[in-house]
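The values are calculated or read from the model by the stated rules, or taken from the named source; none is laboratory data. Please read these numbers as outputs of a predicted model, since none were measured by experiment. Note: ideal-geometry Cβ built from the backbone for every residue, glycine included; neighbour counts use all protein chains shown.
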Amino acid sequence: MRKRDLLTPAGITLGFVMIMLAIIAQDSDHAASFLDISSIFIVIGGVVASLLINFKREELHSLLPVLKETLKKQDQSLTEVLQLFVKLSERARREGLLALEKDLDEVEDPFIRKGVSLVVDGMEAEMITEIMNAEITALEERHYRGRMMIEKCGEYAPAWGMIGTLVGLVLMLTTLENPATLGPSMAVALLTTLYGTVLAHLVFLPMAGKLENKTEAEIFTKQIILEGVISIQSGQNPRIVEEKLSAFLPNGKYTGRVRSMEDKVHGA
């Protein structure tokens, strides 16, 4: 079970708190005037309506899971991936590629499990690369489609905020004979633009940015995995596998060294 990433809700909460504190610091007596239900309906309802028009039902069903992804940490350690492939390469060198089948049940990552299975099945390096790259491409496309819905929300929210403002201005112009209502009516009209802008730049677009970063990190990890799988398939020395995969770590450094398989497993 992956850990929660508390930075996303913390950042959103902090942003709203700072806005409220700024409003209260200026005029606490009129802080309640920044809440307008009609403006909320226009912005939220408009964004939802636009999503319904723009995306398929199947894609919309994935919107909530996509949003949940921004609240999860990327828990796959590159160091652990390196250690696993060093262990697998040692077993392959000692007992042969077919012996790797014993370790498949202990491998949690399905991408690693698939790659090792292809090696055990005796596939050539070119075919393994083609199959696994196809899966990486498919993953990237799925993530892009999900992220695009959040990005569209960031585009639609300010637009619907402006539409709400225009609606408010039209209604305000119909009461020009009463000057006392012009100020409050103008304030309400501008609230929809405020809501749309805040939702776009504090919620939707930052979430989309986080999803893009997570996708890039996941693809990078899978490329390391692919490199490790091909190294095992080609029968490379565990020390070479370690040095090669270490280049992908931050600063290109790995503190562990290749020792016996038992030492590696038990951390001795």
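Observations
- Yes/no for Leu60 being touching a residue at least 12 places away in the same chain (Cβ under 8 Å) and within 30 Å of Gln233 (Cα to Cα): no
- Some residue of region 220-243 being in contact with an Asp or Glu (Cβ under 7 Å, 6 or more places away or on another chain) and either surrounded by 15 or more Cβ atoms within 10 Å (Cβ to Cβ) or not in a helix (DSSP H, G or I) (or both): yes
- Selection of region 58-77 for residues being farther than 21 Å from Lys222 by Cβ and either surrounded by 12 or more Cβ atoms within 10 Å (Cβ to Cβ) or touching a Ser or Thr at 6+ places or on another chain (Cβ under 7 Å) (or both) yields Glu59, Leu60, Leu63, Leu67, Leu71.
- From the list Ala217, Ala157, the one residue that fits, being exposed (fewer than 14 other Cβ atoms within 10 Å of the Cβ), assigned to a helix (DSSP H, G or I), touching a residue at least 12 places away in the same chain (Cβ under 8 Å) and aliphatic (A, V, I, L, M), is Ala217.
- Considering region 124-154, and only residues there that are touching a residue at least 12 places away in the same chain (Cβ under 8 Å) and β-branched (Val, Ile, Thr), the residue that is surrounded by the fewest Cβ atoms within 10 Å (Cβ to Cβ) turns out to be Ile131.
- In region 194-214, the residues that are of a type outside the set (A, V, I, L, M), surrounded by fewer than 21 Cβ atoms within 10 Å (Cβ to Cβ) and over 9 Å from the mean Cα position of the chain (by Cα): Thr197, His201, Pro206
- Considering region 53-81, the residues that are of a type in the set (Lys, Arg) and within 19 Å of the chain's Cα centre (by Cα) include one that is farthest from Met207 (Cα to Cα), namely Lys73.
- Whichever residue in region 88-97 is buried (at least 20 other Cβ atoms within 10 Å of the Cβ) and of a type in the set (A, V, I, L, M) and, among such residues, is modelled with the lowest pLDDT: Ala92
- Put simply, of Phe16, Phe41, Phe85, Phe55 the only residue that is surrounded by 15 or more Cβ atoms within 10 Å (Cβ to Cβ), among the aromatic types (Phe, Trp, Tyr) and farther than 25 Å from Gln223 by Cα is Phe55.
- Some residue of region 134-156 being more than 30 Å from Leu199 (Cβ to Cβ), of a type in the set (Lys, Arg), in contact with a helix residue (DSSP H, G or I) (Cβ under 8 Å, 6 or more places away or on another chain) and modelled with pLDDT under 95: no
To keep it simple, each residue is scored yes or no on (1) assigned to a helix (DSSP H, G or I); (2) hydrophobic (A, V, I, L, M, F, W, C); (3) touching a residue at least 24 places away in the same chain (Cβ under 8 Å); (4) under 30 Å from Ala200 (Cβ atoms).
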residue: Gln83; (1), (2), (3), (4): yes, no, yes, no
residue: Glu90; (1), (2), (3), (4): yes, no, yes, no
residue: Arg93; (1), (2), (3), (4): yes, no, yes, no
residue: Leu100; (1), (2), (3), (4): yes, yes, yes, no
residue: Asp103; (1), (2), (3), (4): yes, no, no, no
residue: Val116; (1), (2), (3), (4): yes, yes, yes, no
residue: Gly122; (1), (2), (3), (4): no, no, yes, no
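- Number of positions in region 1-44 that are in contact with a helix residue (DSSP H, G or I) (Cβ under 9 Å, 6 or more places away or on another chain), aliphatic (A, V, I, L, M) and either in contact (Cβ under 8 Å) with a residue 40 or more places away in the chain or under 18 Å from Val188 (Cα atoms) (or both): 11
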